[in-house]
Amino acid sequence: MGIIKKILNRSNNKPSDNFMYSREFQSLEKRWVESSNDVSAGWSMLYNLKKFDGMRSEKYEVLCRKNIELFLSVRDQYIKNGQKVMPTICEGYKRLAMLYEKRKDYISACNICNEAISNGAVDELDKPKGMMVRYIRYAKKAGIELPE
């Protein structure tokens, strides 16, 4: 291969070893983003209807769980490919915790926050470390004693 051809190939192609350019990853990330949007829209509907129990909220829980699964798949791809910076926001965790709070099920809300924190979903769009703050608030409501 001539030097000109090597230079042209190097400058015109995306790095083949960068997983973010793969169709598989882009498809996964797109599904996660779309799912996050669905979770946000679904919360708005539940909140406006004030329906936090029943079939509609059960379907919403499933939607949140699917969003969490997609988040974990995206995160796993980052880890698998040795990335140091990865997503730290998962709408599914946040909204599921909020649903449990509305049901006054503070233990489940704490558990979902703890799961989120364990999986690296510590931030919220408008609050860095928002999931940790949320956990503390729910723990107090649940009567869980927190260390100093």
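Every number in this text was worked out from the coordinates using simple rules, so none of it is lab data. These numbers come from a predicted model, not from an experiment.
For a straight C-alpha distance cut-off of 15 angstrom, the aspartates and glutamates reachable from Lys84 (same-chain residues fewer than eight places away being disregarded) are Asp76. Diffusion of segment 78-148 by Stokes-Einstein, at 20 °C in a medium of 1.002 mPa s and with Rh set to the Kirkwood radius over alpha-carbon pairs, works out to 171 µm²/s. Database remark: amide H of Lys127 closer than 5 angstrom to no amide H (H placed geometrically; neighbours at sequence offset of 5 or more, or on other chains; Pro and chain starts carry no H). Once semi-axes √(5λ) of the Cα gyration tensor in Å is calculated for the structure shown, the corresponding label among [x] 26, 18, 13; [y] 39, 18, 10; [z] 23, 17, 15 turns out to be [y].
Phi angles across segment 36-45 convert, under the Karplus curve 6.51 cos²θ - 1.76 cosθ + 1.60 with θ = phi - 60°, into 3J(HN,Hα) values of 4, 5, 5, 5, 4, 5, x, 5, 4, 5 Hz, Gly and Pro given as x. Is segment 25-89 best put as rounded, prolate or oblate by its Cα gyration tensor, with a ≥ b ≥ c the root eigenvalues, rounded for a/c under 1.5, and otherwise prolate when a/b is larger than b/c, oblate when not? Prolate shape, in that a/c is at least 1.5 and a/b is the bigger ratio.
For the chain, adding -39500 (n - 2.57) for each run of n ≥ 4 DSSP H residues and dividing by the number of residues yields -23000 deg cm²/dmol at 222 nm. Where is the GNM fluctuation largest for the chain (alpha-carbon springs, 10 angstrom cutoff): Ile136, Ile89, Ile68? Taking springs between Cα atoms under 10 Å, the residue moving most is Ile136.
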